Each structure stands twice: as structure tokens, then as C-alpha cells.
Amino acid sequence: MAKLPTLAFVSDAVYPYNKGGKETRLFEITTRLSKRGYDVHIYCMKWWDGTDDRVENGVTLHGICPLMPLYDGPRRSIKQGVLFGLACFRLITAKFDVVDVDHMPFFPLYSMRVVCWLKGKKMIATWHEVWGQKYWQEYLGGVKGHIAWWIERVSVLFPDQINAVSQMTADRLRKQLKYSGKLSVISNGIDLKGIQSAKKSSQTSDVIFAGRLLKHKNVDVLLKAIDIVRNTQPDVKLIIAGEGPEKENLLSLSKKLKIEKNVEFLPFQEDIKDLYGLIKASKVFVLPSEREGFGLVVLEANACGVPVITVNCPDNAAKEL
């Protein structure tokens, strides 16, 4: 029997150390590939103590650079992206047959292109969302926004193939970034059996949100909605489960609106089944985000038997689910 290829994945953040849609996708794919007999390696920041290399769930994790904050205030850290991209040159000595590089924060695509050229290996990129020129100008403004747009625009030239997580992302790769290479849509999936086996929490709520507390998630809009709802439903209960740079602002807003009794802030759940339990114990999941490359939590909430309310924004791929 022919030996299965050695697979490498490059992503600065990994599950369970950082919880999000892209980390969950990477975890589910790599653990399943490992169970099928593939030799799977993930090259990331070092999120753990001890040696740089460790095996988790059959997958070998390599900490190729020190852990750095993903965010600088409310925005993605440029320093972190650049330093992690430079650390990717260490893969010149790594043994792999094909590598899949997470497109965010773009810089690893540049360094891994050089590595793959020198090693004669194929590079695939996983693309979660396209920001585009307009959003980069809103996000960074002026010269910085223009430079960031061109970094994104040029980065599509490097992969041998791109896998987009949604049709919306694929369409934007073609139209906005003018990508003309090989392109596939491989949607995110969920652990249906794991979700079904999660026990309903005793901590009930009427409304729940789970995710990173970022400005574009618009959790402040949800708090204002709860303020309106309590006029007719004074005991309405909202749970917000997650962490992020907007947390202090959201806590302050809840105090300003005087809805502290109606809102409970919870951290990221260490065990994902605890989060599923909280969702199952709620009546509705609300995702007010204006930007989602996919919106994995929508599928997870639906699998928990809970309806989802999201917003009809042009950049929100979750509405297509």
C-alpha cells in the first residue's frame, strides 16, 4: 500500500486555545484526516507551555513563534501578522508533501510561497472572507488601508489553489480580487453527533449570542434591542458568551442602559459541549454581525434545535445559511 502524504497546515491560531469558526474548521478537518491515517502537522503560534512540539488528538502541533496578541486594541495586530509570517520561513526544514495556509493574516502566504518554491511543494490556501478595498479603507483608513488592500489583492497570486469556505467568498475572490486560478468551495461543517450528545444546560435564557466580541459583530445593537424588549418583557434574559476587545464597552453599555439584571456575560466555554448546552437552553440565537465569511455558529445553533436571527448585510455570509 502506498504511503499517505504528509499534510501541513499553517494557522496562527488553533483550537482549543483560541475558539472561532476557522479554528473549529481546522480542528475538525485535521483530526479526521489523522484518523484516516494521514501524518498531519499544524504550524502555529506557541499557545501552550513546555516543548515547541506536541501531539493532540493525533495531530502534531508545532509552535514556530512565541504567542502574541491577535489584536492591537480593536483591530487585528499587524505586528503579530508580520512576525508570524516571518516565522513561517522555518518550514523550509519541515517535511511535508502539501501545505494548506490560512489566508489571514496574509503574510504567511508570502513566506510560504517562497518556502514551497524552494521545496517544490504545492501550496493551497483556505480563504474565509474577502475584505476588499472599501472595507480596508473603513478599517484602517488612508495610506494604511490602501496598503492593506494591495497586500490582500496580491496575496491571491501565490496559492496553487484556493479553497473558499462559502460561495460568497468564492464570488468575491473572482470579482473583487480578480483571482483566476483554481478555486473550490469547501463549506464549514459541524460535529453533529457531538452537538446532539451535549446536555441541555440548567442555565436558561431567552436570547443567546456566542462569539468574539468585536465591533463588527454589533453586540451593542443586541443590547439595545434587549432594552426595548424589556419594556414588554421585563424579565427577558440574554446570555453573551465570548471574549474580545469590545467586552469593556459592552459592559459599560449594559450599565448605561440599566439592563445588568437582564444580561449575563460569560467567558468562552472551555468545553464546547458546555456552549452547546447553553444554546439548547435558550429560545433564540442572535448573530447581529455585519461581516461573516461563513458563520459556523448559525449551523451549530440550528443543530441545537434553536432558531437564529441574523442581519441582511451584504458582507454577512451567514444569511445564506
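The values are calculated or read from the model by the stated rules, or taken from the named source; none is laboratory data. Please read these numbers as outputs of a predicted model, since none were measured by experiment. Don't worry about glycine lacking a Cβ; one is built from the backbone with ideal geometry, like all the others, and counts go over all protein chains shown. Side chains are part of the model used for accessible areas, which takes the heavy atoms of the whole protein and leaves out ligands, DNA and RNA. Shrake-Rupley method; radii C 1.70, N 1.55, O 1.52, S 1.80 Å.
Summary table
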| read-out | value |
| --- | --- |
| Pairwise centroid distance, computed over Cα atoms, of the range 79-146 with the range 229-283, Å | 35 Å |
| The range 201-272 - Rg and Dmax from Cα coordinates, angstrom | 11.7, 35 |
| Protein accessible area in the range 7-72, 1.4 Å probe - carbon and sulfur % | 52 percent |
| GNM top mover of Y135, Y43, Y15 - the chain, alpha-carbon springs below 10 Å | Y135 |
| Surface share of carbon and sulfur [accessible, 1.4 angstrom probe, percent] for the range 149-196 | 53 percent |
| Net charge over other residues, Cβ less than 14 angstrom from the Cβ of L257 (K, R count +1; D, E count -1) | +3 |
| Charge tally in the Cβ shell below 15 Å around L177, where Lys, Arg are +1 and Asp, Glu are -1, L177 excluded | +3 |
| Of R90, R212, R230, the one that fluctuates the most in a GNM where the chain has Cα springs shorter than 10 Å | R230 |
| Calculated Rg and Dmax of the range 28-85 using C-alpha coordinates, Å | 13.7, 42 |
| Kirkwood Rh and Cα Rg combined as Rg/Rh, the chain | 0.97 |
| Cross-link pairs K215/K261; K95/K182; K199/K237; K35/K79; K95/K217; K46/K182 - those with Cα-Cα distance over 28 Å | K35/K79; K95/K217; K46/K182 |
| Per residue value of the accessible surface for the range 142-268 (all protein chains in place, 1.4 Å probe), Å² | 54 Å² |
| Stretchable slack from I309 to N249, in nm (0.36 nm times residue separation minus alpha-carbon distance) | 19.3 nm |
| Hits among aspartates and glutamates - C-alpha to C-alpha of K193 under 14 Å, sequence gap 8 or more where chains match | E28, E300 |
| Relative contact order [Cα under 8 Å, 6+ residues apart], the range 1-128, whole percent | 24 percent |
| Only Lys, Arg (+1) and Asp, Glu (-1) charged, at Cβ; the chain dipole about Cα centre in debye | 500 debye |
| Relative contact order of the chain, defined on C-alpha pairs under 8 angstrom at six or more residues apart (%) | 13 percent |
| Distance between modelled label sites at V154 and D235, nm, 7 Å Cα→Cβ extension | 6.1 nm |
| Choice from G58, G85, G120 showing the highest fluctuation, given a GNM over the chain with Cα pairs closer than 10 Å | G120 |
| Stretch gain in nm, segment T204-V284, where the contour uses 0.36 nm per residue and the Cα spacing is subtracted | 27.7 nm |
| Percent of Cα-Cα distances greater than 27 Å, calculated over the range 19-144 | 21 percent |
| Accessible carbon and sulfur surface of the range 203-290 relative to its total accessible area, %, 1.4 Å | 51 percent |
| Percent of beta bridges antiparallel (DSSP, the chain, rounded to nearest 5) | 10 percent |
| The range 226-321, relative contact order in percent, only Cα pairs under 8 angstrom and at least six apart counted | 23 percent |
| Helix-only CD estimate at 222 nm, as mean residue ellipticity for the chain, using -39500 (n - 2.57) per DSSP H run (n ≥ 4) | -10500 deg cm²/dmol |
